[in-house]
Amino acid sequence: MGKNLVYKILGSHLVEGKLEPGTEIAIRIDQTLTQDATGTMTYLQFEAMDVPRIKTELSVSYVDHNTLQDGFENADDHRYLQTVAARYGIHYSKAGNGICHQVHLERFGRPGKTLLGSDSHTPTGGGIGMIAIGAGGLDVAVAMGGGPFYLTCPKVAKVNLTNRLKPWVSAKDVILSILKMLTTKGNVGTVIEYGGDGVKTLSVPERATITNMGAELGVTTSVFPSDEVTRAFLKAQRRESDWAALAADIDADYHRVIELDLAAVEPMMAKPHSPDNIATVKELAGTKVDQVMVGSCTNSSYRDLMIVASLLKGRRVFPDVSFGVAPGSRQVLEMIARNGALADIISAGARVLESTCGFCIGAGQAPKTGAVSIRTSNRNFEGRSGTKSAKVFLASPESAVAAALAGGILDPRDLGIPYPEIGLPEQFWVDDSMVLPPAKDPLSVTVFRGPNIGDPPAAEPLPETISGVVAIKVGDKITTDHIMPAGSRLKYRSNIPKYAEFVFEGVDAAFSKKALENKKAGVHNVVIAGASYGQGSSREHAAICPMYLGVKAVIAKSFERIHAANLINFGILPLTFANEADYEVAGAGDRVEIGEIKAALQAGKDLLLKNVTKGKTAALKYALSSRQREILLAGGLLNYTRFRS
């Protein structure tokens, strides 16, 4: 039996373990990326390891999240990021150069390489043939220090693409169709590999849109083969020498094969408040629209913006619609400025926004109360836009522009205008002057630390008995945004005591105060949750801040991959109910105990939850490798790494 593409790349980077699904493996990481919302803590943790210089082939620090610089905190952190990059051998992409995933795809991604990023949408790199995985910042710090990345060896599902997309249907509609099939739940431990004759009809930016939103499926990553389309993209980026042909063997084995006829895909939208709440655009037609936003790492490529400009040329945005466009990179912005497309966008009545994550993470452009907002971004969780009552729909650039012109949701095929065919340019505009290389003399660099920057908080070794209270009980699909709000709160990301004040802010505003009081009184905090706990961002602060507040265990029906790993990294036990019905055994405020923890972990035995208040019990399970059990017993990955060095 031949090898699939995923196992070919993983196999060439395998450091520990065997490629047997469900077992723990470790792989060598070639490249890393960080962004400023997660990068500050990543580099503080890297510094704590006392490694004099990074050991990866390439590491890039991007500033793309908190560029508004509301207050001194963000500007200070950006200066820290620039100086720490110069000191330790990291390239630094300045604010304004673009969104990390877009820029990395354009300028640094290489087929067949491994990429680890402190952002959940790092799988965008799969569009160029990389195994690109999102992880917590501490995992990225370890990789920069030369350590391997540990993960569960995935099952590989193939999505077999046939035929080609029809006019007015785009890559965004493809991934929304897959989300409708697979949903956001139940895909942990899987990698999606795209194949079939339809692959060659999709450009690299289109492929990247599809792999980007693979994060919403909950899969480890997604990957396309590297073919002549990939080669043409890299040649146009003046990087043809980085190209390598990569494909699965003809007789490759897969856990599952999903057939998708591209010609049958229709314009789709994700309805509020989940990326898998899918309907056709035609089904939603007529819904009044208040705001339309085009951009984010999902749909802000040159191809996307040229589609937008072509549809807007000579037309005006509907008067009641607030319309914004954010190019994904300085490269894209420069190109559409030079060819006149930017003028077409401006003339139509669009607001041109900075090349950042911006509205996608709730950093600006919050819609009005109760608004309907059509966005080309990848997440539409409740409140993520900055307005809790807003209804956010996810759509392709084509469907977004149709809504902006019509003032309501409209199938773009009903616009009554010719569909613009946008091909790959022969040459992209290339200017890497806003990517600063590391210092030639690193010892001459003084790392800047503003008053908002603190040390990574120290985790305590896991206690023999967790004796405390259920500090909060939540339902299904709790995202990292629920746990640790983004938007304006992100400026406190390097000040853990301050940022911890906002844990579960939108769910229970009193949580942080109560949890901290419990901690000071010697009472452990326990969180009880439903299915798919920890969806969304790789934001490790959703584990660090609860750890700081004294959370010792999270008991859920199920976890999402990155968040479960982050909990382990910061010494919090991720436990699941042996019987999901036992979710009802305990409620908020109940006194609970979990005893004989160390002995059980060392022996690999299940644990028991005792509800002291109600006199009930529930069996608890965990999916932990022997290494992860040692990390928990040490009180987290940083302690574990120090003890072993």
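Zone of M181 (label point 7 Å along Cα→Cβ, backbone N under 18 Å): which residues in region 196-215? The answer is 196-202, 207-215. Subtracting the Cα-Cα distance of K200 and A581 from 0.36 nm times their residue separation leaves 132.5 nm of extension gain. Taking Cβ atoms as reference points and 10 Å as the exclusive limit, the residues near G127 contribute a net charge of 0, counting Lys and Arg as +1 and Asp and Glu as -1.
Relative contact order, whole percent, for region 172-302 stands at 31, derived from Cα pairs under 8 Å and 6 or more residues apart.
Rounded to the nearest whole angstrom, the semi-axes of the ellipsoid equivalent to the chain, taken from the Cα gyration tensor as √(5λ), stand at 38, 27, 26, largest first.
Classify region 314-408 from the C-alpha gyration tensor, please: rounded if a/c falls under 1.5, else prolate or oblate depending on whether a/b exceeds b/c.
Values: a/c = 2.17, a/b = 1.39, b/c = 1.56.
It comes out oblate by the Cα gyration axes.
With semi-axes defined as the square roots of five times the eigenvalues of the C-alpha gyration tensor, the equivalent ellipsoid of region 167-324 measures 29, 22, 13 Å, largest first.
Between F393 and S373, I374, R375, the built amide H atoms are under 5 Å apart, and every one of these is 5 or more places off in sequence or on another chain. Dividing the mean sequence gap of close Cα pairs (under 8 Å, 6+ apart) by how many residues the chain holds gives a relative contact order of 14 percent. Within the shell of other residues whose beta carbon sits under 11 angstrom from the beta carbon of L620, the net charge comes to +1, with Lys and Arg scored +1 and Asp and Glu -1. Here region 517-585 and region 224-262 have alpha carbon centers that stand 38 Å from each other.
Among D70, D242, the order by Cβ neighbours within 10 angstrom, fewest to most, reads D70, D242. Here the Karplus relation 6.51 cos²θ - 1.76 cosθ + 1.60, evaluated at θ = phi - 60°, turns the backbone of region 462-473 into coupling constants of 4, x, 5, 9, 8, 10, x, 9, 6, 6, 7, 10 Hz, with x for every Gly and Pro.
Listed peptides 223-231, 345-353 appear in the order 223-231, 345-353 once ranked by packing, highest mean of other Cβ atoms within 10 Å at the front.
Amide H to amide H distances under 5 Å link R351 with F323, G324, V325, where only residues 5 or more positions off or on other chains count and H is placed in the peptide plane.
With the alpha-carbon atoms of region 254-319 aligned to their principal axes, the span from lowest to highest coordinate is 49, 28, 23 Å, starting with the largest. Rounded to the nearest Hz, the phi-derived 3J(HN,Hα) couplings of region 205-222 under the Karplus curve 6.51 cos²θ - 1.76 cosθ + 1.60 (θ = phi - 60°) are x, 5, 4, 5, 4, 5, 6, 4, 7, x, 4, 5, 6, x, 6, 5, 5, 9, where x marks glycine and proline. Most simply put, region 5-264 has about 20% antiparallel DSSP beta bridges, counting only bridges with both residues inside it. Across all directions, the average projected area of the convex hull around the alpha carbons of region 384-461 is 13.9 nm². Summarising the label geometry, the points placed 7 Å from Cα in the beta-carbon direction at K282 and A599 lie 6.6 nm from one another.
Could you give the C-alpha radius of gyration of region 1-129 expressed as a fraction of 2.2 N^0.38 Å, taking N as the number of residues it contains?
That works out to 1.16 for region 1-129.
Using 15 Å as the cut-off for backbone N distance, which residues of region 444-471 belong to the label zone defined by a point 7 Å from the Cα of A521 along Cα→Cβ? Flagged as within label range: 467-471.
Listed peptides 133-142, 611-620 appear in the order 133-142, 611-620 once ranked by packing, highest mean of other Cβ atoms within 10 Å at the front.
Stretching the chain fully between D253 and L68 yields a gain of 61.8 nm (0.36 nm per residue, less the alpha carbon separation). Label positions at A264 and T465, each projected 7 Å from the Cα along the C-beta direction, are separated by 5.9 nm. Expressed per residue, the C-alpha convex hull volume of region 599-641 stands at 82 Å³.
Using a cutoff of 8 angstrom between alpha carbon atoms and counting only pairs six or more residues apart, the relative contact order for region 275-414 works out to 35 percent.
Rounded to the nearest 5, what % of DSSP beta bridges with both residues in region 259-411 are antiparallel? Please list the in-between numbers first.
Details: 5 of 18 bridges.
Percent antiparallel among DSSP bridges in region 259-411 is about 30.
Restriction of the GluC sites (Glu not before Pro) in region 31-95 to DSSP coil positions whose beta-carbon has at most 16 other beta-carbons within 10 angstrom yields E57. Across region 427-565, the volume of the C-alpha convex hull divided among the residues equals 184 Å³ per residue. When the P(r) is computed for region 466-644, the part past 24 Å accounts for 31% of the Cα-Cα pairs.
Let's see if you can work this out: charge +1 on each Lys and Arg Cβ, -1 on each Asp and Glu Cβ, no other charges. What is the dipole magnitude of the chain about its Cα centre, in debye to the nearest 20?
Numbers: 70 positive and 67 negative charges, 129 e Å.
Using Cβ point charges on Lys, Arg, Asp and Glu, the chain gives about 620 debye.
Legend: calculated FRET efficiency, I422 to L443, from the Cβ-Cβ distance at R0 = 35 Å, rounded to 0.05, equals 0.10.
Only the coordinates and a few stated rules stand behind these numbers; no lab work does. Treat the numbers as computed from the prediction; the structure is a model and nothing was measured. Reconstructed Cβ throughout: ideal geometry from the backbone, glycine too, with neighbour counts over all protein chains shown.
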